[in-house]
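A short write-up of the structure that comes next.
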Amino acid sequence: MIPELGQFVLILALMMACLQALLPMVGAARGDAAVAGAARPLAIAQFILIALAFVALSWAHAQSDFSVANVVANSHSAKPFVYKLTGVWGNHEGSMLLWVLILAGFGGVLASGASEDKLLQARTLGIQGAVAAAFLAFVIFTSNPFARIFPAPADGMDLNPLLQDPGLIIHPPFLYLGYVGFSIVFAFAVAGLISGKVDQAWARAVRPWALAAWVFLTIGITLGSWWAYYELGWGGFWAWDPVENASFMPWLAGTAFIHSVRVLEKRGALKVWTILLAISAFSLSLIGTFLVRSGILTSVHAFAVDPERGVFILAILSLVIGGSLLLFALRAPLLTSKAGFAPVSREGAILANNILMSVSCITVFVGTFYPLFYEIVSGGKLSVGAPYFNATFLPLMGILFFIIAPAAMLAWKRDTIRPALMRLWPAALVAVFLLTLALFLTWPKHVAAAFGAGLAGWTMVGVIIDLARRTSVRASGLSGAFKKLVDLPRPYLGMSAAHFGIAIVAIGVLGAGVWRTEEILFMKPGETISVGGYDIVLNQITEREGPNFLSETARFDVNKDGEILRMLDAERRYYPVRGMQTTEAGIWTSLRGDLYLTIGAPNEDAGHAVRAWYNPFAVWLWIGGGLIAFGGVIAALPRPAPSSRRQERPELAKAHG
Amino acid sequence: MNRLVFILPLTAFVALLAYFSIGLQRDPSAIPSVLIDKPAPQFDLPAIEGRATGLSTEDLKGDVSLVNFFGSWCVSCRIEHPLLMQLSQAGEIPIYGIDWKDPPGAGTAWLERHGDPYTKVGDDADGRVAIDFGITGAPETFIIDRNARIRYKYAGPITPQIWEENLAPVIQQLRNEE
């Protein structure tokens with residue numbers, strides 16, 4: 001009964017979405033505010049209905065209702081309860097339901113808030129409704145999560161064990177919050193194209209949404225890479241896998257957008273470019289979803305390979321992306337800007353950032369899709385791997401890191417480059433020091449990585465110098481500087497945090513990606529493997545039975561200079577229902593670096609295969625990612641109360657007038 | 001600005017869409033193996049310790065059969081072992097075993113302990129034949145047709161479900177071939 005109810009409310013939600021797509025457009029075209037305003041209650045109703053459907057599916061999973069096909073395919077009665085719940089979105093149908101739930105959620109939040117421009121809000125909700133209608137139809141017609149199965153089997157097929165992990169509880173929802181969050185930005189862009197009004201008020205309205213989506217995506221990508229690091233047991237954190245790239249491309253486009261929308265907000269320039277970035281960010285999110293689900297590109301992540309769904313998604317893509325780009329081709333030439341544009345200025349620097357971001361995004365795009373193009377054109381197969389991305393993407397990032405610090409120091413409108421560079425001399429000193437140190441420690445390998453370390457240091461110190469200058473730390477001392485720091489504009493504070501964060505990530509990438517060391521050995525209890533200055537003794541191997549798996553655990557003693565520092569367990573699990581193996585690496589994390597141990601299959605004579613890595617600065621990746629997201633949050637916060645400031649808030653100005 | 005510039009993104013997207021539509025036509029699960037539909041590599045392996053006969057390419061001719069790479073050191077092989085036993089007891093299909101990288105005697109002892117599903121077993125102690133077959137790990141199973149050509153490859157332990165869904169249909173089809 002409950003699954004049928006879920007199905008029913010989902011169909012109701014589709015109807016709401018269709019109305020939501022239609023009414024505001026009609027209302028706005030006729031100038032009828034009442035009709036256009038209907039979008040708001042419709043968006044909220046649509047969200048509530050989809051939420052009910054989601055609860056219904058969760059209920060079926062929690063109860064292990066094996067008369068529902070989706071539960072059979074992805075659950076098992078012996079599975080721990082928390083994974084029964086996360087199993088709701090650990091599969092194609094459920095994850096699509098989560099997708100539309102989040103889409104409707106963003107629409108609902110936009111609908112329930114006040115807005116400066118009622119027509120813009122209504123049109124934006126209309127576009128959001130149209131996108132929701134397309135995806136609800138996709139769920140209902142090709143990916144029905146509530147389909148029954150008859151006769152009901154006695155037990156289910158279990159969830160892919162790689163997905164039975166705490167990381168999966170939160171990683172996909174965050175990623176979706178990011179992907180889908182860009183739908184609002186997209187809807188704003190299309191609404192702006194329709195009305196022809198893309199101005200500073202438009203930028204002010206869209207910026208918090210873009211930042212929210214971008215923060216969620218940042219967290220989603222960081223969590224995903226963390227999950228890959230500790231669960232997949234290969235010692236790495238990023239593989240340039242197509243699905244990883246699929247989440248990375250909207251992030252790059254989104255990063256470019258949150259920079260350029262700032263120029264639009266402050267200076268009224270870069271209109272066309274900003275609109276194009278908004279469309280691109282969401283288009284790349286859609287292509288990301290499409291990638292995973294169509295079977296166009298396969299990878300470890302692709303858990304729904306079904307060409308029929310691919311055709312449907314392709315149709316949605318043509319409508320949403322093709323339609324918006326057509327509108328762009330027709331209407332964007334009408335967007336004009338009177339603002340002047342000096343090359344050496346904050347906006348000039350942001351434009352440089354935008355070009356680098358876009359080019360690097362295209363680089364990733366080409367690398368991701370080249371195998372597909374190649375196969376279609378020549379019939380052969382090839383794979384584009386890390387060497388391509390390292391050779392193309394990383395140098396672009398090098399240039400980017402070079403300009404971050406000086407760019408952030410430039411003033412709006414017009415500035416000169418020299419004073420900024422002069423102020424940065426301590427950063428240059430630190431950069432040269434780090435470069436030399438890295439060269440000295442790793443010579444003769446990894447010369448490029450040493451330059452990377454220098455650039456990361458340059459950026460970090462550059463951010464600190466600029467903060468120190470703006471808080472006039474020399475004149476007012478530390479406590480006075482702190483007061484001033486809190487009072488600095490929020491976007492500036494957020495930017496500084498994010499820039500510092502990306503430099504920390506860079507150190508993590510260099511450490512865990514380039515400077516890591518690795519050893520492989522067949523080991524029996526009592527034997528020793530040495531890596532990163534540690535001597536690791538295999539103590540014992542025990543077998544045990546988990547709730548839905550069998551496992552072998554190896555216990556290691558970690559020694560340094562003959563002293564036992566701690567014990568570390570590495571585990572290997574076998575899930576009989578799916579016939580899959582997973583590794584649970586033993587990881588000892590510290591700021592200096594991670595010791596990372598995995599065990600493989602045993603060989604009767606030689607013992608177990610043991611792989612040991614030392615990954616310097618690995619944890620910096622997640623700390624930096626968190627700091628970037630934190631910066632985004634700060635930048636999105638509303639301005640502090642006007643008591644300490646001279647400007648008036650626009651709402652107040654309106655109330656007085 | 002030139003109006004053409006504004007049409008550029010749309011044009012690029014249409015081209016991309018065309019590629020995607022072609023991309024949808026192909027079968028994503030077809031993992032290329034250069035060996036599929038090629039004759040099985042030539043080999044003549046000695047018997048494992050304590051057995052009289054080994055295994056050679058000649059043995060594969062005449063009937064649809066399985067070639068299964070295993071090793072006493074391989075845990076996953078123990079997982080699929082009961083299924084292989086079941087198939088051999090039911091007389092479903094001849095299964096030829098290749099004992100991969102085992103020390104002398106280990107394979108025989110393993111088969112004595114867990115049962116022997118194989119019609120014949122060859123000893124590939126140095127792994128030379130496994131390289132010819134392009135083995136990446138144990139167990140791996142090949143379906144060989146009557147003319148000793150490789151027609152299908154499965155990497156990893158065969159579970160009853162995988163047998164029913166993937167291997168059995170191929171075997172049925174090969175038997176129906178003339």
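Residues in the range A:524-555 that are out of contact with any Ser or Thr (no Cβ under 7 Å at 6 or more places or on another chain) and among the hydroxyl-bearing types (Ser, Thr, Tyr): A:Thr528, A:Ser530, A:Tyr534, A:Ser551.
Of the candidates A:Ala407, A:Ala386, A:Ala391, the single residue that is in contact (Cβ under 8 Å) with a residue 40 or more places away in the chain and over 30 Å from A:Leu467 (Cα atoms) is A:Ala386. Taken residue by residue, the range A:637-655 has no member that is at pLDDT 90 or above and among the basic types (Lys, Arg).
Here the condition is being part of a loop (DSSP other than H, G, I, E, B) and either in contact with an Asp or Glu (Cβ under 6 Å, 6 or more places away or on another chain) or at negative phi (or both); of B:Ile135, B:Ile162, it holds for B:Ile135 alone.
All of A:Thr598, A:Thr582 fail the test of being in contact with a helix residue (DSSP H, G or I) (Cβ under 6 Å, 6 or more places away or on another chain), in contact (Cβ under 8 Å) with a residue 60 or more places away in the chain and surrounded by 19 or more Cβ atoms within 10 Å (Cβ to Cβ), apart from A:Thr582.
Yes/no matrix, rows are residues, columns are (1) more than 10 Å from chain B (Cβ to nearest Cβ); (2) over 24 Å from the mean Cα position of the chain (by Cα); (3) at pLDDT below 90:
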{"site": "A:Leu330", "(1), (2), (3)": "no, yes, no"}
{"site": "A:Ala339", "(1), (2), (3)": "yes, yes, yes"}
{"site": "A:Ser345", "(1), (2), (3)": "yes, yes, yes"}
{"site": "A:Ala349", "(1), (2), (3)": "yes, yes, no"}
{"site": "A:Asn353", "(1), (2), (3)": "yes, no, no"}
{"site": "A:Val364", "(1), (2), (3)": "yes, no, no"}
{"site": "A:Ile376", "(1), (2), (3)": "no, yes, yes"}
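The set of residues in the range B:78-102 being modelled with pLDDT of 80 or more, surrounded by 15 or more Cβ atoms within 10 Å (Cβ to Cβ) and either part of a helix (DSSP H, G or I) or within 14 Å of chain A (Cβ to nearest Cβ) (or both) consists of B:Glu80, B:His81, B:Leu83, B:Leu84, B:Met85, B:Leu87, B:Ser88, B:Asp99, B:Trp100, B:Lys101, B:Asp102. Here A:Val509 fulfils each of the conditions (1) closer than 30 Å to A:Gly631 by Cα; (2) in a loop (DSSP other than H, G, I, E, B) apart from (2).
Of the candidates A:Ala62, A:Ala56, the single residue that is free of Cβ contacts under 8 Å to residues at least 40 places away in the same chain, among the small types (Gly, Ala, Ser) and touching a helix residue (DSSP H, G or I) at 6+ places or on another chain (Cβ under 8 Å) is A:Ala62. Only a single item in (1) over 30 Å from A:Gly288 (Cα atoms); (2) in contact with a helix residue (DSSP H, G or I) (Cβ under 6 Å, 6 or more places away or on another chain) is not met by A:Ile376, and it is number (1).
I need a count of the residues in the range A:512-521 that are part of a strand (DSSP E or B) and crowded, with 18+ Cβ neighbours inside 10 Å.
So in the range A:512-521, the residues part of a strand (DSSP E or B) come out as A:517-521.
Subset that is crowded, with 18+ Cβ neighbours inside 10 Å: A:521.
Residues meeting the conditions: 1.
The values are calculated or read from the model by the stated rules, or taken from the named source; none is laboratory data. Quick caveat: nothing in here was measured; it's all calculated off a predicted structure. Neighbour counts run over all protein chains shown; Cβ positions are idealised from the backbone, glycine included.
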